[in-house]
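The values are calculated or read from the model by the stated rules, or taken from the named source; none is laboratory data. Bear in mind that the values here come from a model prediction, so they are computed numbers and not experimental data. Neighbour counts run over all protein chains shown; Cβ positions are idealised from the backbone, glycine included. Surface accessibility is based on the protein's heavy atoms, side chains included, excluding ligands, DNA and RNA. Shrake-Rupley method; radii C 1.70, N 1.55, O 1.52, S 1.80 Å.
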Amino acid sequence: APHDADLSLRVANWSLDPYIRMFVPEWSPYTRAVVSGSLDVFGELNWQRLGAKATIDRVDLGLLDYDVTNDAPIRIVLDRQVVGIDQLRLAGEGTALELSGAVDLANNDVSVGVVGDANLSILQGFLQDLRGAGAAAVEAEITGSMQRPVLTGQASIWNGRIRHFSLPHGLEAINGRLVFEPGGVRFDDLRAMMGSGPVVVGGRVGLDGFEIDELGITAVGEQMQLRFPDGFRS
């Protein structure tokens, strides 16, 4: 009568990316996610009372030519519509990130922290026209509602490199700090090289959730040798 359940599911080498693209069509076609682990569901079959525990023994993320995996089992718990991240650590070349926090599905709230080092190659897994390299130390928190999350914190970048396919030049030797603040990301005296000349980037990118909403970026460069417009060297 109470519809109590005690179910177990185990998967091995299960590709998640085709299902992710069903709900996130803009997900990069170069990103793949393969998981192995188990899921236990228990309690009354009522969404408000249902409990679950997921243990992901291994996750392999392929971001074009950059690979990320877990360095310990990932543990996620569902208790009365609250999803808690008990342990989630990701590792790759130049990457050691730890996530913790919870998502309250009943109240539509999220509170997740991210701390550690990240290789900028991770960017190419989410932005298919962008390529990155270099290191960043990240300390950030995502709070607010799931429809309008707020990102706060900072990321310190050293010897970074970013190139967009539509541009003839990329930014090289990037050093400085990005400040995540409610409603946007601020460039805090970010210094780089472009076309063999020094460039200082400032200003701000406005965000609506995680989508770019507005741009207010400044860039001052000197002695740059540019291949622009097409066919000219300036």
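Please go through the stretch 157-183 and pick out each residue that is in a loop (DSSP other than H, G, I, E, B) and either over 12 Å from Met193 (Cα atoms) or of a type in the set (A, V, I, L, M) (or both). Step through it out loud before you land on a result.
Filtering the stretch 157-183 for residues in a loop (DSSP other than H, G, I, E, B) gives 165-170, 182-183.
Answer for the stretch 157-183, where residues must be in a loop (DSSP other than H, G, I, E, B) and either over 12 Å from Met193 (Cα atoms) or of a type in the set (A, V, I, L, M) (or both): Phe165, Ser166, Leu167, Pro168, Pro182, Gly183.
Only one of the numbered conditions (1) open to solvent by 40 Å² or more (accessible area, probe 1.4 Å); (2) of a type in the set (Ser, Thr, Tyr); (3) within 20 Å of Ala135 (Cβ to Cβ) is violated by Ser111, and that is (3). If you check Ala33, Ala72 for being in a strand (DSSP E or B), of a type in the set (Gly, Ala, Ser) and open to solvent by less than 50 Å² (accessible area, probe 1.4 Å), only one passes: Ala33. For the stretch 140-156, the set of residues classified as open to solvent by 50 Å² or more (accessible area, probe 1.4 Å) and polar (S, T, N, Q) consists of Gln147, Gln154, listed by residue number. Taken as a whole, the stretch 157-168 holds no residue that is of a type in the set (Gly, Ala, Ser), over 28 Å from Tyr30 (Cα atoms) and open to solvent by 20 Å² or more (accessible area, probe 1.4 Å). Mind listing whichever residues of the stretch 40-65 are surrounded by fewer than 14 Cβ atoms within 10 Å (Cβ to Cβ) and within 19 Å of the chain's Cα centre (by Cα)? Listed by number, the list holds a single entry, Asp65.
Residues in the stretch 180-224 that are of a type in the set (Val, Ile, Thr), exposed (fewer than 15 other Cβ atoms within 10 Å of the Cβ) and in contact (Cβ under 8 Å) with a residue 12 or more places away in the chain: Ile217, Thr218, Val220.
Restricting attention to the stretch 5-30, the residues being open to solvent by 100 Å² or more (accessible area, probe 1.4 Å), more than 28 Å from Arg49 (Cβ to Cβ), among the acidic types (Asp, Glu) and not in a loop (DSSP other than H, G, I, E, B) number 0.
Consider the stretch 104-115. How many of its residues are without any contact (Cβ under 8 Å) to a residue 24 or more places away in the chain and either closer than 20 Å to Leu63 by Cβ or outside any strand (DSSP E or B) (or both)? Spell out how you get there, then give the answer.
In the first step, residues of the stretch 104-115 are kept if they are without any contact (Cβ under 8 Å) to a residue 24 or more places away in the chain; the result is 104, 107.
With the extra rule that they be either closer than 20 Å to Leu63 by Cβ or outside any strand (DSSP E or B) (or both), the set shrinks to 107.
Selection size over the stretch 104-115: 1.
Note on the stretch 170-179: among residues that are surrounded by fewer than 18 Cβ atoms within 10 Å (Cβ to Cβ) and hydrophobic (A, V, I, L, M, F, W, C), the one that is nearest to the chain's Cα centre (by Cα) is Val179.
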